[in-house]
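One structure is given here, and the rest of the page talks about it.
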Amino acid sequence: MARVIIGMDPHKRSATVEIINDREKVLAQGRFGTDRDGYTAMLKAGRQHKDRVWAVEGCNGIGRHIAQRLVADGETVLDVPAKLSARARLFDTAQGRKTDPADAHCVAVAALRANGLRQVVVDDVTVALKLLVDRRDVLGQTRTDAVSRLHHLLLELVPGGAKQFLSAPQARALLSTVRPRDIVGRTRRQLASELITEVAVIDKKIKAANAQLTELIASTGSTLQQLNGVGPSGAARLVGDIGDISRFATRDHFASWNGTAPIDASSGDQRRHRLSRAGEPAHQPGPAHHGHRPAPPRHRGPRLLPAQTRRGQKPDGSHAGPETPTVQRGLSANGQGRGTRQDGPGRANGSDSAIQRDRLDPDSQHFGEATSRTRQNSL
């Protein structure tokens with residue numbers, strides 16, 4: 001560990017720093033602006049100390065802009081999660097007061113005492129993928145909104161309205177058959193014509209965005225698009241949000257991050273598991289993201305099923321394999337998993353851990369717990 005830690009509480013227009021040594025002695029404090037002059041002064045103050053490490057809170061959030069500038073200038077930057085700094089604040093002598101200087105102090109202390117903090121690196125192609133897929137999602141939402149308003153206008157102009165899936169040329173051809181004479185009808189037709197033009201422009205942007213995403217995904221060498229239901233946008237979303245897959249020590253850590261790991265929800269002698277509501281919502285929606293076909297309807301059989309016919313089990317009673325490793329293998333194939341550990345049970349590409357072997361697959365749980373009456377009837 002370096003002898004000097006520079007803890008930083010970042011904001012949009014300012015950053016509060018505190019410099020401590022390896023015995024938590026405060027060497028300097030200060031508040032600097034994030035403009036060019038303020039950043040230069042802060043960097044000069046930090047470079048007065050040798051063997052320094054910058055500890056920035058939230059390098060994937062509000063601290064990203066300042067952390068990337070420091071890395072670009074050759075500084076070593078550690079990402080301190082907000083949870084660690086909050087824990088240090090809880091046990092600090094300031095009695096949990098949340099001020100910028102106190103936050104900077106807690107960030108420095110957390111970086112000094114914690115092990116395995118992520119070192120910030122220069123943005124790579126994964127960041128470009130995340131930016132592009134975010135833009136693609138906004139274009140899709142904008143198109144949906146424009147088409148919805150267009151349907152509303154066409155319903156007033158054309159008896160029965162237009163079909164559900166409507167393209168710009170189809171809407172233009174349908175609108176050409178309408179010649180209203182009143183002022184209200186002419187206004188509706190004018191607005192509908194403008195919306196059709198907007199949809200045509202958005203379609204061109206979506207086509208260009210898809211082509212760019214496809215090209216970038218191909219450059220990474222990712223095999224995610226070989227999974228059933230994963231296209232350029234889905235692959236770009238996974239690669240962009242997850243980044244380096246090796247930052248997850250095991251498959252269990254990855255499943256916990258994306259919200260697909262079953263968590264214990266037991267009470268007394270009743271043992272059951274359910275899916276976590278935590279994790280990244282963008283990676284929870286479903287089977288299409290994980291390369292599996294959709295699950296069968298929930299209530300196809302009787303309400304209480306015997307153990308041998310639980311939903312999701314194979315005829316021999318075994319369960320289908322977990323979905324998370326499928327995505328991990330696709331991410332590891334793109335060259336991002338070089339540091340992934342595989343030296344034991346439960347590793348990213350290894351066998352199931354003992355914890356997962358004992359868990360019930362959430363898709364294979366029966367619909368109720370057997371009572372004494374149902375047990376007797378099933379015998």
| task | Take the alpha-carbon centre of the range 184-220, take the same for the range 64-88, and report the distance between them in whole Å. | result | 39 Å
| query | In straight Cα distance, which lysines are under 19 Å from K204, not counting same-chain residues fewer than 8 positions off? | reply | none
| field | Area of D37 that stays accessible when all protein chains are in place (1.4 Å probe, Å², to 10) | value | 120 Å²
| query | Can you list the HN-Hα couplings for the range 251-263, worked out from phi with the Karplus curve (6.51, -1.76, 1.60; θ = phi - 60°), rounded to whole Hz and with x for Gly and Pro? | reply | 5, 5, 4, 5, 5, 5, 5, 8, x, 9, 7, x, 10
| field | Amide H contacts of L27 (H built 1.01 Å from N, under 5 Å, at least 5 apart or other chain) | value | I19, I20, N21
| task | Quick one: of K130/K207; K12/K207; K83/K130; K12/K44; K12/K83, which pairs are farther than 27 Å apart, Cα to Cα? | result | K12/K207
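The values are calculated or read from the model by the stated rules, or taken from the named source; none is laboratory data. Please read these numbers as outputs of a predicted model, since none were measured by experiment. Calculation scope for accessible area: heavy atoms of the full protein, side chains included, ligands and nucleic acids excluded. Shrake-Rupley method; radii C 1.70, N 1.55, O 1.52, S 1.80 Å.
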